[in-house]
Amino acid sequence: MMLEELRELKEKALQELEGVSNSKELESWHIKYLGKKGRLTVLMRGIGRLPPQERPAAGRLGNEVKAALESAYEAKGEALKREELERTLREERVDVTLPGRPVALGRLHLSTQVLREIYRIFAEMGFQIFEAPEVETDLYNFELLNMPPHHPARDMWDTFYINEQVLLRSHTSPGQIRVMRKYCPEPIRVILPGKCYRYEQVTARSEFMFHQVEGLAVGRRVTMADLKGVLIEFCRQMFGAERKVRFRCSYFPFTEPSVEVDIDCIICGGKGCRVCKHTGWLQILGAGMVHPQVLANGGYDPTVFSGFAFGMGVERPAMLKYRIDDIRYFFSNDLRFLEQF
């Protein structure tokens with residue numbers, strides 16, 4: 001009786017296996033016959049209740065049936081995998097003779113474009129590029145620039161301190177000392193571009209990270225007239241030959257005398273508008289003659305050498321040139337903005 005049941009179960013299971021058409025049905029078949037509560041498993045548990053003389057034959061046949069079903073199960077699984085792969089290849093076939101999809105080309109960020117334009121203008125006037133570190137010490141960022149500890153001018157820069165002596169540079173001016181100490185006593189004519197960081201509220205006109213370009217020229221007969229000539233030429237190349245330029249007295253601890261430089265408003269042509277606050281002028285940079293103490297800190301004898309320095313932003317001149325009304329667009333990664341330039 002047990003032997004007959006095993007033969008019938010094998011025949012029925014193999015017939016059902018032939019009708020299986022997908023992996024889900026195959027798994028159901030396996031559970032039905034070979035699972036912990038499957039028909040073959042339950043049937044073989046009954047061998048222990050058979051008379052002793054019938055158990056060996058039933059055990060052998062049960063093992064043969066189990067092996068046959070497991071072998072058939074594995075073979076069916078492999079066949080289904082091949083069928084599914086062939087079906088996928090048919091349905092998702094690719095015509096390799098078709099031309100490839102065009103890849104969108106990237107472009108230079110607007111800040112990079114403006115930086116390269118600044119490089120070009122100053123290169124034509126004989127300036128070289130010098131890079132200085134973004135992580136600075138208090139010594140270079142303030143003290144050697146004529147701002148000892150507790151000097152009130154330090155409040156002009158909202159500084160990110162890493163510890164008491166290390167900070168993220170708040171301006172590119174620390175590079176002045178580094179370049180002077182590297183090339184002293186040779187004449188210098190360099191620009192120092194890079195990122196700066198300030199603990200400021202982010203608004204349409206202010207960012208906590210921005211680019212600056214520092215300029216420095218040191219020699220034996222460098223004068224304020226040289227500074228004015230360089231900056232006037234820069235303004236007219238950068239913003240247009242028709243631009244008017246004016247210099248206003250100002251204060252910076254590391255220059256003496258110090259000036260701020262304005263151009264007539266690009267938007268209204270100097271007539272007065274909301275952008276220039278109805279003054280007709282837009283401030284673009286600060287400058288001045290290098291303070292004698294700063295020259296001495298850089299290794300130059302201030303009785304023999306003189307120099308001028310200037311510092312400008314990059315994003316704000318770009319805002320003026322391209323009439324952008326919010327500095328936050330530069331670093332928001334909005335392609336609708338970036339793809340315009």
Failed condition for residue 64, given (1) touching a Lys or Arg at 6+ places or on another chain (Cβ under 9 Å); (2) outside the structural domain of residue 213 (by TED's automatic domain parsing); (3) closer than 30 Å to residue 326 by Cβ: (3)
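Residues 310, 330: which one is farther than 21 Å from residue 203 by Cα and either crowded, with 17+ Cβ neighbours inside 10 Å or out of contact with any strand residue (DSSP E or B) (no Cβ under 7 Å at 6 or more places or on another chain) (or both)?
Working: 330 fails: farther than 21 Å from residue 203 by Cα.
Criteria check complete, one pass: 310.
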Single residue of the stretch 94-129 satisfying the filter (surrounded by 10 or more Cβ atoms within 10 Å (Cβ to Cβ) and of a type in the set (Ser, Thr, Tyr)) that is farthest from the chain's Cα centre (by Cα): 119
Residues of the stretch 276-291 satisfying the condition of being modelled with pLDDT of 95 or more and of a type in the set (A, V, I, L, M): 287, 289, 290
Residue in the stretch 292-315 that is under 24 Å from residue 196 (Cα atoms), assigned to a helix (DSSP H, G or I) and modelled with pLDDT under 95 present: yes
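Output the residues belonging to the stretch 146-183 that are under 19 Å from residue 129 (Cβ atoms) and surrounded by fewer than 19 Cβ atoms within 10 Å (Cβ to Cβ). Quick ask: steps written out before the conclusion?
Kept after step one, since they are under 19 Å from residue 129 (Cβ atoms), are these residues of the stretch 146-183: 169, 171-183.
If the condition is that a residue be under 19 Å from residue 129 (Cβ atoms) and surrounded by fewer than 19 Cβ atoms within 10 Å (Cβ to Cβ), then 178, 181, 182, 183 are the ones that fit.
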Count - residues of the stretch 258-278 that are out of contact with any Leu (no Cβ under 7 Å at 6 or more places or on another chain), in a strand (DSSP E or B) and of a type outside the set (A, V, I, L, M): 3
The listed residue being aliphatic (A, V, I, L, M) and either under 23 Å from residue 307 (Cβ atoms) or part of a strand (DSSP E or B) (or both), out of 218, 202: 218
Qualifying positions in the stretch 228-257 - part of a loop (DSSP other than H, G, I, E, B), out of contact with any strand residue (DSSP E or B) (no Cβ under 6 Å at 6 or more places or on another chain) and in contact (Cβ under 8 Å) with a residue 24 or more places away in the chain: 240, 253, 254
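Here is a check on your reading of the model: is residue 91 modelled with pLDDT of 85 or more and loosely packed, with under 11 Cβ neighbours inside 10 Å?
Values: modelled with pLDDT of 85 or more: no; loosely packed, with under 11 Cβ neighbours inside 10 Å: yes.
When the stated conditions are applied, residue 91 does not pass them.
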The stretch 161-209, subset modelled with pLDDT of 90 or more and of a type in the set (Phe, Trp, Tyr), residue farthest from residue 255 (Cα to Cα): 161
Any hit, the stretch 288-304, residues being within 20 Å of residue 208 (Cβ to Cβ) and either among the hydrophobic types (A, V, I, L, M, F, W, C) or touching a Phe, Trp or Tyr at 6+ places or on another chain (Cβ under 6 Å) (or both): no
Hits in the stretch 184-214 (condition: surrounded by fewer than 17 Cβ atoms within 10 Å (Cβ to Cβ) and not polar (S, T, N, Q)): 184, 185, 186, 187, 195, 199, 200, 202, 204, 205, 208, 209
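Of the residues that sit in the stretch 28-71 and are touching a residue at least 40 places away in the same chain (Cβ under 8 Å) and surrounded by fewer than 17 Cβ atoms within 10 Å (Cβ to Cβ), which one is farthest from the chain's Cα centre (by Cα)? It would help to see each step written out before you state the result.
Going residue by residue through the stretch 28-71, those that are touching a residue at least 40 places away in the same chain (Cβ under 8 Å) are 29-30, 43, 46-47, 50, 54, 57-58, 61-62, 65, 68-69.
Those still in the list that are surrounded by fewer than 17 Cβ atoms within 10 Å (Cβ to Cβ) too: 46, 50, 54, 57, 68.
Details: 46: 70, 50: 76, 54: 78, 57: 74, 68: 60 Å.
The extreme case among them is 54.
The values are calculated or read from the model by the stated rules, or taken from the named source; none is laboratory data. All of these numbers come straight from a predicted model, not from anything done at the bench. Using ideal geometry, Cβ is built from the backbone for each residue, glycine included, and neighbour counts are taken over all protein chains shown.
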